[in-house]
Amino acid sequence: MNAFGMSMAHDQFGVLLHFSDGASAEVCGRTARDIPAETDERLQALARGDLSPKERNYLLEKLVASPELVRRLAQHLQGQGSRADQ
């Protein structure tokens, strides 16, 4: 991925993080425990940047329709940021 693509991806994740920080319980819906393990693993891979563009686009489409997935992705992204700070 080129620098422009990385910048756009970073901006998109920033929007997701901002959304999750202000989301109330009504918006977030179900808890992360309700997310299938395979989906959670894909969210972790997305947070690390390990998905192909096709896989990333497929998962991002699912995120649009699933606030609980957005919240879980934000948790993974926050975990990535915490490890990068160390």
Log entry, pairs with first residue in segment 50-61 being free of Cβ contacts under 8 Å to residues at least 40 places away in the same chain, second being not in a helix (DSSP H, G or I), beta carbons closer than 7 Å, six or more apart or on different chains, reads Leu59/Leu51
Which one is surrounded by the most Cβ atoms within 10 Å (Cβ to Cβ) among residues in segment 64-79 that are part of a helix (DSSP H, G or I) and free of Cβ contacts under 8 Å to residues at least 40 places away in the same chain?
Leu69
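None of the figures in this text is laboratory data; all of them are computed from the coordinates on show. Since the model is a prediction, treat every value here as computed from it, not as a measurement. Cβ: placed from backbone, ideal geometry, glycine included. Neighbour counts: every protein chain shown.
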